[in-house]
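In what follows, a single structure is set out as structure tokens and then discussed.
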Amino acid sequence: MPILFAEGAASFENLALNNQLGTLKAQVKDAWPNLFREARFLSAIDTVQADRFRRKVALEMARIFRDVDLLIVPSMRDEQLTITNFTGHPSLTLRAGFVQVSEARSDWAPDPANPVPTFSPPRRVPHGITVVGRLFDDGLLGRAGVALERAFGVAAERPGGF
């Protein structure tokens, strides 16, 4: 992920150089502001090696898409998000339904000072899927998204309080 961090840090370099990264909301250990700060210390070798790895991932995605038109994966997170960030494959995330949760979910490292909230009674929250398409085939991705959204029939539903 060094390339993603370096590219993000380059995009926000003005904030870093003017000591304004502290104005961004999330400041926990692995939040973007801290990743932008850390990325300033990546070496050129790290960046070149990461770019070589990106090329391998792109070639593997090209191999996969020789046999399939679309990938349907859990809602865009973690490894799949990293892959599409690396390769530029178009993706579309849609609500597929709802689930009951009794604790908020966080992608950030645990922070004892700010534990994730719990809910009693549990809350009904949306969950989704992500459809990933071939490079430059956004049309098929859009058509599949419309068809899936119609089939799920939940696009107009809102959790209580919204």
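The values are calculated or read from the model by the stated rules, or taken from the named source; none is laboratory data. Note that the structure is predicted; figures quoted are calculated from it, not measured. With ideal geometry, Cβ positions are generated from the backbone for all residues, glycine too; neighbour counts draw on all protein chains shown.
Annotations
- Consider the range 72-91 and keep the residues that are surrounded by 13 or more Cβ atoms within 10 Å (Cβ to Cβ), part of a loop (DSSP other than H, G, I, E, B) and not hydroxyl-bearing (Ser, Thr, Tyr). The one that is modelled with the lowest pLDDT is Met76.
- Meets criteria (surrounded by 13 or more Cβ atoms within 10 Å (Cβ to Cβ), at pLDDT 80 or above and β-branched (Val, Ile, Thr)) for Val125: no
- Among (1) over 21 Å from the mean Cα position of the chain (by Cα); (2) at pLDDT 80 or above; (3) not in a strand (DSSP E or B) - the single one Gln100 does not satisfy: (3)
- Residue that is at pLDDT 85 or above and touching a helix residue (DSSP H, G or I) at 6+ places or on another chain (Cβ under 9 Å), where the choices are Leu94, Leu148: Leu94
- Hey, Ala9 surrounded by 12 or more Cβ atoms within 10 Å (Cβ to Cβ), among the hydrophobic types (A, V, I, L, M, F, W, C), modelled with pLDDT under 80 and under 20 Å from the mean Cα position of the chain (by Cα) or not: yes
- Selection within the range 107-142 - more than 12 Å from Asp69 (Cα to Cα) and either among the basic types (Lys, Arg) or in contact with a Leu (Cβ under 8 Å, 6 or more places away or on another chain) (or both): Arg123, Arg124, Gly128, Ile129, Thr130, Gly142
- Figure legend. Inter-residue proximity from the range 52-71: first residues touching a residue at least 24 places away in the same chain (Cβ under 8 Å) and of a type in the set (Val, Ile, Thr), second residues surrounded by 13 or more Cβ atoms within 10 Å (Cβ to Cβ) and outside any loop (DSSP other than H, G, I, E, B), beta-carbon distance below 9 Å, spacing 6+ or different chains. Indicated pairs: Val57/Thr82; Val57/Ile83; Val57/Phe86; Val57/Thr87.
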